Amino acid sequence: MQKNTEHILNRDDVGTAILQHLDGLRGIDTHCHHLPDDQFQNMGVKFLYDHSYCNWMDDLLGLLHSYSNVYADLCWLPLISTSAAKRFLREALEIGGSNRILWGCDTWTSEESYGAVLAFRRVVSEVLSEMCQEGYLSCEEACYTAGQIWRGNALKLFGFED
């Protein structure tokens, strides 16, 4: 695999660097350990890890904890493993808050997209429901968090919100 940063798409208009395919597809090594630490310390740039993947969940959780400019897109995780997605979402909410987690869908078929929505809806509702039952979140906070994950965070990250 290539160890370079060609996979970073710079968006000067919104100050975002998008790191695609966290799972290393297409022969490009996008593992966070292969980017220089000073890349993450550039607070003018926001790093979005797309297609969060089971194998690197702990690494991404570490980045979310350490850097306030790192974001996680849970795109494929609920389709691959709802239990892994639940674990990741719960831990991400506990360490990084709800403002840096989002979900997008890039499946090939409409049926697959529908399945992805159902899987993520289940993950979000179960995690937030458990957090409410434990007293970690109020019902209002859980509803707000769900809205941010599903829509609000992406609007803000990509500069579509005032």
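The values are calculated or read from the model by the stated rules, or taken from the named source; none is laboratory data. Being a predicted model, the structure only gives us computed values, none of them experimental. So basically every Cβ, Gly included, is an ideal-geometry build from the backbone, and we count neighbours across all protein chains shown.
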### Task
Would you mention how many residues in the range 119-142 are of a type outside the set (Lys, Arg), assigned to a helix (DSSP H, G or I) and surrounded by 13 or more Cβ atoms within 10 Å (Cβ to Cβ)?
13
### Task
Evaluate the following for Leu48: is it modelled with pLDDT of 85 or more, surrounded by 15 or more Cβ atoms within 10 Å (Cβ to Cβ) and within 24 Å of Arg122 (Cα to Cα)?
no
### Query
For Ser113, all conditions in the list (1) modelled with pLDDT under 95; (2) in contact with a helix residue (DSSP H, G or I) (Cβ under 8 Å, 6 or more places away or on another chain); (3) in a helix (DSSP H, G or I) hold save one; what is the number of the exception?
(2)
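Just to be sure before I move on: is Ala72 within 20 Å of Lys156 (Cβ to Cβ) and either in contact with a Leu (Cβ under 6 Å, 6 or more places away or on another chain) or without any contact (Cβ under 8 Å) to a residue 60 or more places away in the chain (or both) in the structure I sent?
So Ala72 fits the description; yes.
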### Query
Could you list, in sequence order, the residues of the range 116-138 that are over 20 Å from Ser83 (Cβ atoms) and touching a Leu at 6+ places or on another chain (Cβ under 9 Å)?
Leu137
### Query
Going by the structure shown, is Ile95 surrounded by fewer than 15 Cβ atoms within 10 Å (Cβ to Cβ) and at pLDDT 90 or above?
yes
### Task
Could you identify the single residue in Val70, Val127, Val117 that is touching a Lys or Arg at 6+ places or on another chain (Cβ under 6 Å) and not aromatic (Phe, Trp, Tyr)?
Val127
#### Entry: Count - residues of the range 90-137 that are among the aromatic types (Phe, Trp, Tyr) and farther than 19 Å from Gly152 by Cβ
3
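The rows are residues; the columns are (1) modelled with pLDDT of 95 or more; (2) more than 21 Å from Tyr49 (Cβ to Cβ); (3) out of contact with any Asp or Glu (no Cβ under 9 Å at 6 or more places or on another chain).
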{"position": "Thr82", "(1), (2), (3)": "no, no, no"}
{"position": "Asp106", "(1), (2), (3)": "no, no, no"}
{"position": "Val127", "(1), (2), (3)": "yes, no, yes"}
{"position": "Gly135", "(1), (2), (3)": "yes, yes, yes"}
{"position": "Ala154", "(1), (2), (3)": "no, no, no"}
